[in-house]
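Worksheet: one structure, shown below.
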Amino acid sequence: MSTLVAYFSAEGTTKRVAEGFASEIGADIFEIVPEQPYTVADIRWTNPLSRCNKEKFGKKDVPVMGKVADFEKYDTVYIGFPI
Ligand SMILES: Cc1cc2nc3c(=O)[nH]c(=O)nc-3n(C[C@H](O)[C@H](O)[C@H](O)COP(=O)(O)O)c2cc1C
């Protein structure tokens, strides 16, 4: 049984939870890193014109760096992200 925890974290909260969870259940871990890093202004979620809201409402795909090696080997994949 092979398990992966893939996560995105802009400010570190999700990262801490994902690392603790993956360690607890013995899963591999993969950090999702956007090609274009988010600035503080980009993730100001209370600003309707910020990048994160434009991406959300525009349903834009965000190009990311890297790939999960041997993705097919995983039976279960948990995905962590800020909400
Ligand atoms: C796009 C976006 C939307 C968010 N929406 C909310 C929200 O509706 N309510 C809230 O309390 N926090 C909201 N936040 C704040 C995040 O939940 C909080 O900053 C979280 O700790 C971010 O996780 P991270 O440290 O892993 O990046 C939002 C953050 C982002 C980037």
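Derivation of every value follows stated rules applied to the coordinates shown; laboratory data play no part. Remember, it's a predicted structure, so these values are computed and weren't measured experimentally. Every residue, glycine as well, gets a Cβ built from its backbone with ideal geometry; the counts of neighbours run over all protein chains shown.
Under the 0.36 nm per residue contour assumption, what length would be gained going from the current alpha-carbon distance of T39 and D61 to full extension? Additional length available on full extension: 6.2 nm.
The trypsin sites (Lys or Arg not before Pro) found in the chain that occupy coil by DSSP, while having at most 12 further C-beta atoms within 10 Å, are K59, K60, K67. The mean sequence distance of close C-alpha pairs (under 8 Å, at least 6 residues apart), as a share of the length of the chain, puts its relative contact order at 45 percent.
For the chain, the share of DSSP beta bridges that are antiparallel, to the nearest 5, is 20%. Loop-located chymotrypsin sites (Phe, Trp or Tyr not before Pro) in the chain (DSSP state other than H, G, I, E, B) with a sparse environment of at most 14 neighbouring Cβ atoms within 10 Å: W45. The reciprocal of the average 1/r between distinct C-alpha atoms defines the Kirkwood hydrodynamic radius, which for the chain equals 14.0 Å. Among the GluC sites (Glu not before Pro) in the chain, those located in a DSSP loop and surrounded by at most 11 other Cβ atoms within 10 Å of their own Cβ are E11, E35. Rounded to the nearest whole Hz, the Karplus-based 3J(HN,Hα) values (6.51 cos²θ - 1.76 cosθ + 1.60, θ = phi - 60°) of segment 60-65 follow the sequence 7, 6, 9, x, 10, 8, with x at glycine and proline.
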